[in-house]
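Undergrad: Can you keep this structure in mind? I'll have questions shortly.
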Amino acid sequence: MILKPSIEDLKNLGYYLSKVIIGLSLTMVLPVVFAITRMEFNPALDFIIAMEIGLISGFFLKKLCLTEKDLNWMQGMIVVSISWLLAMVLGAIPLYLSGHWGSFLDACFDAMSGFSTTGLTLVKDLDHLSYAHNLWRHLIMFIGGQGIVIIALSLFIKGFAGALKMYVGEARDERILPNVISTARFIWLVSIVYLALGTLTLGVIGILNGMSVFNAFFHGACIFMAAFDTGGFSPQSQNILYYHSLAYEVVTIVIMLLGTINFTLHYNLWSGNRRQILKDIEIRTFFITVFITFVIVAFGLLKSKAYPGAISIFRKGFYQLISGHTGTGYMTIYAPQFIQDWGFFSLFGLICAMALGGGVCSTTGGIKMLRIGIIFKALKQDLKRIILPERAVVFEKFYHIKEIFLQDSQVRSAFIITLSYILLYGIGAIIGMFFGYPFLESLFESTSASANVGLSCGITAIGMPTALKITYILQMWAGRLEFMSVFTLIGFAVAAIKGK
Amino acid sequence: MIKAFNVKCLMFSAILLYTLHFTHYTSFAQQVSSTELINNTRLYDGKTVVYAGEVIGDVMVRGKNLWVNLSDNKNAIGIWADISFAKEISYKGSYKYKGDWFEITGIFHRACSEHNGDLDIHALTWRKIRQGGIVQEKPDIEKKNRALILLGVLCLVLILRPYRRL
């Protein structure tokens, strides 16, 4: 028998949702202050209005649902999945008020794309967007990359037992430090230290490239936030091509790679355990998949004669590949060039790279390296069982943070999530084809949205069908949360309707 | 008589060949949009094209040349030009400025060998077709009023007592 959620359950959800809403609204103080210092008064009003709407809703909900109860597992998951939808709506308000988005749905699309660190965009005339709105676009990537709930956990909520449930709900099942709050704070510390270093490096390169000092550092900060959080937004419409700079491309590759590494490995890196990083199954799998997919991409580019020489093939092919594999979505080519110039093999290699993703407990999307590694270990184990005598004890182990013996439960979990992602990629592709787009293009865009990548072959545009915009929003949301929270929310909705 | 005819024929053929050759390389004397260029890269590759757009963002000087990005309101394309171009740019497009519009005649590259595969235009000549300027930000009274009303509502919500079951 399915039990209908009680009023107490709803109050509990409402109370913790209110905290997330309040926390998120307060982050808008940053663009407000920035807008005022840049004398951008109308954009400042956009953020003040959005912040007020957020605070009114948050405080009202908090007072209405005041409770001292802690969250259970199901409630933690539901709070997370609803938080992301509410964040999308709240984050879209200042974007929509700017007048640079055609409809509120378009603004929601970009807000979800930002929070989920995807990078697909429907903005109009980006090159004339205010600095404050541009800061917000990149800030939501930074917030979303760390996890919206992590913000609430680390900054606005004092320790509570339900923290772990919300942390896990955001597809973060590894605790770097014994306490979830300390883990959340460590993630922020890592990100802020890298932010300072990345902004400085990109800023200096920008100045050497001929940019004004302010623009160099502003772009540096924005590009860092979007690259480290494997987002892919950029302050200019040409994306990374705007800079016409090899140095910029090299540094963004390094930042994207740092963003794709598991935060636990960052912890090892910081605490001097560098050897562990090279032993880790995720890093090893990542190197292998990058190599294989790059060979496919390079072969395709050679075959289609897309670029004049080996250096161009490497510069364009490798950049797009790393951008896709890490789930960032930075581009140094125009979207239609994927279809016109790249050819089937290159696109196939890139789609595979996008689908695979980066490290677990990082800011990337996609299936993720740990799961791919586990599936291959399981395959190896099964092959051994077939080859070796029946009496032989066959076991497989792998190194991830520590030495781990492969268990069936790990393999099953890896397979379920992998299958869910493949289904999500496929469903999006079928919906794209339903609207008349060719198969390869539909699959490319669907994979990009579901794996939170942001590379586009041109389907994502202001004029695309509304139903496809909604499909991609849902794909970005489900892909970012890695399904469990979404499945729990669906279960909760069913219980609310059919339960007794 | 026959000799003179042959010379005329030869001259005519030479002119025809030259014209054909010339039109092959500069067959796009009319302005081409960014969308047309980006969607037909192989058609325009290596050809001389005329492209017009607004200067957006930074003008990035690199030695004796510079990069400037021109947007025709659909897409922006990188223009590689002589450094002397910089002197003619008064306004660069951003939130507070409308950039100058320039018409560029230059060679379009689908994948420029000089710039490691970038899609760009190497400018041969340029002329300013529209002067940019400062965009005056008018205070939005409606937004201001909305913000004030919402502030009032927020204060009301803050002073509300938490809901307690009796």
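Please treat every number below as a calculation from the coordinates, not as lab data. Just so you know, these numbers come straight off a predicted model, no measurement behind them. Here Cβ is always computed from backbone atoms with ideal geometry, including for glycine, and neighbour counts include all displayed protein chains.
Undergrad: Kirkwood hydrodynamic radius, computed over distinct alpha-carbon pairs, for the range B:29-166: how many Å, to one decimal?
TA: Values: mean 1/r = 0.0563 Å⁻¹.
The answer is 17.8 Å.
Undergrad: How big is the charge dipole of the protein assembly as shown about its Cα centre, in debye rounded to the nearest 20, if each Lys and Arg gets +1 on its Cβ and each Asp and Glu gets -1 on its Cβ?
TA: Values: 58 positive and 42 negative charges, 205 e Å.
Taking the Cα centre of the protein assembly as shown as origin, the dipole is about 980 debye.
Undergrad: Oh, and also: Other chains' Cβ within 10 Å of A:45-56 residues: what's the mean?
TA: Values: counts 8, 3, 1, 7, 7, 2, 3, 10, 4, 1, 6, 8.
Other-chain Cβ atoms within 10 Å of each residue's Cβ, averaged: 5.
Undergrad: What percent does the relative contact order of the range A:376-453 come to when contacts are Cα pairs within less than 8 Å and at least six residues apart? Don't skip to the answer; put the middle values down first.
TA: Details: 55 pairs, mean separation 14.7, N = 78.
Relative contact order, the range A:376-453: 19 percent.
Undergrad: Taking square-rooted eigenvalues a ≥ b ≥ c of the alpha carbon gyration tensor, is the range B:47-108 rounded, prolate or oblate, where a/c under 1.5 means rounded and, failing that, a/b exceeding b/c means prolate?
TA: On the way: a/c = 1.85, a/b = 1.12, b/c = 1.65.
It is oblate, given that a/c is not under 1.5 and a/b is not larger than b/c.
Undergrad: Using a ≥ b ≥ c from the Cα gyration tensor of the protein assembly as shown (square roots of the eigenvalues), is it rounded, prolate or oblate, where a/c under 1.5 gives rounded and otherwise the larger of a/b and b/c decides, a/b for prolate?
TA: Working: a/c = 2.15, a/b = 1.40, b/c = 1.54.
Oblate shape, in that a/c is at least 1.5 and b/c is the bigger or equal ratio.
Undergrad: Over the range B:31-158, what relative contact order in percent results from Cα pairs under 8 Å that are six or more residues apart? Show your work: numbers first, answer last.
TA: Numbers: 260 pairs, mean separation 29.0, N = 128.
Answer for the range B:31-158 is 23 percent.
Undergrad: For the range A:437-445, just list the computed ³J(HN,Hα) in residue order, Karplus coefficients 6.51, -1.76 and 1.60, θ = phi - 60°, integers in Hz, with x standing in for Gly and Pro.
TA: 7, x, 4, 4, 5, 5, 5, 4, 5
Undergrad: Output the relative contact order of chain A, whole-number percent, from Cα pairs under 8 angstrom with separation of 6+ residues. List each step's numbers first, then the result.
TA: Numbers: 901 pairs, mean separation 88.7, N = 500.
Computed over chain A, the figure is 18 percent.
Undergrad: Kindly provide the helix-only [θ] at 222 nm of chain A, computed as the sum of -39,500 (n - 2.57) over DSSP H runs of four or more divided by all residues, to the nearest 500 deg cm²/dmol? Write down the numbers at each step before the final one.
TA: Values: 21 runs with 325 residues, N = 500.
Computed mean residue ellipticity for chain A: -21500 deg cm²/dmol.
Undergrad: Collect residues whose amide H, placed 1.01 Å from N in the peptide plane, falls under 5 Å from the amide H of B:D120; neighbours closer than 5 in sequence don't count.
TA: HN-HN under 5 Å from B:D120: B:H109, B:C112.
Undergrad: Counting only Cα, what are the radius of gyration and maximum Cα-Cα distance Dmax of the range A:7-259, in Å?
TA: 18.3, 61
Undergrad: Show which lysines lie in cross-link reach of B:K47 when reach means a straight Cα distance below 29 angstrom and same-chain residues fewer than eight apart are skipped.
TA: A:K303, A:K305, A:K316, B:K64, B:K74, B:K87, B:K92, B:K128
Undergrad: Using amide H atoms built in the peptide plane, which far-off residues or other-chain residues are under 5 Å from A:G359 H to H?
TA: Answer set, sorted by chain and number: A:N262, A:T364, A:M369.
Undergrad: Checking the a/c ratio against 1.5 first, then a/b against b/c, what shape does the Cα gyration tensor give for the range A:254-301? Intermediate values should be presented prior to the final figure.
TA: Values: a/c = 3.78, a/b = 2.29, b/c = 1.65.
Here the range A:254-301 falls in the prolate category.
Undergrad: Fewest first, what order do A:L419, A:L370, A:L3 take by the number of other Cβ atoms within 10 Å?
TA: Final ranking by Cβ density, sparse to dense: A:L3, A:L419, A:L370.
Undergrad: What Kirkwood hydrodynamic radius do you get for the range A:228-332 when you take the inverse of the mean 1/r over all pairs of distinct Cα atoms, in Å? Write out the running numbers ahead of the final one.
TA: Details: mean 1/r = 0.0670 Å⁻¹.
Mean inverse Cα-Cα distance, inverted, gives 14.9 Å.
Undergrad: Right, something else. Can you list residues from other chains, or at least 5 along the same chain, whose modelled amide H is less than 5 Å from the amide H of B:K47?
TA: Correct list: B:F108.
Undergrad: Still on this model: What's the exposure ranking of A:V486, B:V55, A:V33, going from fewest to most Cβ atoms within 10 Å? All intermediate terms of the calculation are to be shown ahead of the outcome.
TA: Details: A:V486 22, B:V55 29, A:V33 13.
In increasing order of surrounding Cβ atoms, one gets A:V33, A:V486, B:V55.
Undergrad: Let me ask something else about it. Greater than 18 Å separation of Cα atoms is the criterion. Which listed pairs, B:K98/B:K143; A:K279/A:K402; A:K124/B:K143; A:K279/A:K384; A:K11/A:K63, meet it?
TA: Numbers: B:K98/B:K143 24 Å; A:K279/A:K402 10 Å; A:K124/B:K143 21 Å; A:K279/A:K384 22 Å; A:K11/A:K63 10 Å.
Check vs 18 Å cut-off fails for B:K98/B:K143; A:K124/B:K143; A:K279/A:K384.
Undergrad: What is the fewest-to-most order of A:D9, B:D45, B:D118 by other Cβ atoms lying within 10 Å of their Cβ? The partial results should precede the final answer.
TA: Numbers: A:D9 19, B:D45 15, B:D118 22.
Ranked by crowding around the Cβ, least crowded first: B:D45, A:D9, B:D118.
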